[in-house]
Structures are given as structure tokens and as C-alpha cells.
Amino acid sequence: MKRPIIAEKETLTVEEAISLFNLSRRKFRRLIESTEPCFMALYGSRRLVIRTELERWLKHHPAEKEELKNGTYRKTADTKG
């Protein structure tokens with residue numbers, strides 16, 4: 001049986017959501033632990049992310065989306081190029 005493509009799944013684990021949307025692991029976990037976001041669902045003790053709801057939330061909260069983005073490589077004074 002083939003594994004489903006993450007981008008096509010309706011519910012994602014927290015790690016899958018972080019990977020799919022290129023989010024900072026620490027910042028995203030802080031968000032879901034400090035609030036009760038509308039895109040989270042509990043399945044027993046597991047937290048699942050509803051992909052379409054997260055997409056909608058990110059669309060309506062562009063400032064938070066930018067803040068949650070994973071950091072990019074920054075050149076330092078030692079590196080040239």
C-alpha cells in the first residue's frame with residue numbers, strides 16, 4: 001500500500017505540518033501550546049493539524065505566517081559570496 005502524499009492528506013501530524021509549510025518547529029509548537037488554534041484536532045492524546053484549516057488560518061494571518069517561517073541561512077562577515 002502506497003503512503004499518501006503529505007500535501008494531499010486532510011489531517012497531518014505536527015511534524016508533517018511543520019515540514020509541509022516550512023515552519024519553525026519551536027515557534028509553531030509555542031503557538032499550538034499557548035493557544036487553542038482552530039486548525040488543531042485531538043484524537044485521543046494525539047494532536048493533529050487539519051491541513052485546510054491551517055492553510056486558511058495562514059492566509060488570514062499573514063503577519064503570524066511570516067513570524068512562523070523557518071529561518072533562512074544568513075551570511076556572516078566571515079563568509080563571502
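Just so you know, all these numbers are worked out from the coordinates, no wet-lab data involved. All of these numbers come straight from a predicted model, not from anything done at the bench. Cβ placement follows ideal geometry from the backbone for every residue including glycine, while neighbour counts extend to all protein chains displayed.
A straight line joining the Cα centroids of region 41-70 and region 6-38 runs 5 Å.
Could you point to the residue in Ser19, Ile32, Trp57 farthest towards the positive end of the chain's charge dipole, with +1 and -1 charges on the Cβ of Lys/Arg and Asp/Glu respectively? The listed residue farthest towards the positive side: Ser19.
For Leu31 and Thr11, the difference between the fully extended length at 0.36 nm per residue and the C-alpha to C-alpha distance is 5.4 nm. Counted by neighbouring Cβ atoms within 10 Å, the residues Lys59, Lys2 run from fewest to most as Lys2, Lys59. 3J(HN,Hα) along region 41-55, derived from phi through the Karplus expression 6.51 cos²θ - 1.76 cosθ + 1.60 where θ = phi - 60°, amounts to 9, 9, 10, x, 9, 8, 9, 10, 9, 7, 4, 5, 5, 5, 4 Hz, with x in place of Gly and Pro.
If you take every residue apart from Pro37 with its C-beta less than 15 Å away from the C-beta of Pro37, what net charge results, scoring Lys and Arg +1 and Asp and Glu -1? Net charge around Pro37: +2. In the set [x] 1.29; [y] 1.37; [z] 1.04, the label that goes with Cα Rg over 2.2 N^0.38 Å computed for this structure is [x].
Work out the length of the dipole vector of the chain about its Cα centre, built from +1 on the beta-carbon of each Lys and Arg and -1 on the beta-carbon of each Asp and Glu, and round it to the nearest 20 debye. Please report the intermediate quantities before stating the final value.
On the way: 18 positive and 12 negative charges, 68 e Å.
Charge dipole, the chain, about its Cα centre: 320 debye, nearest 20.
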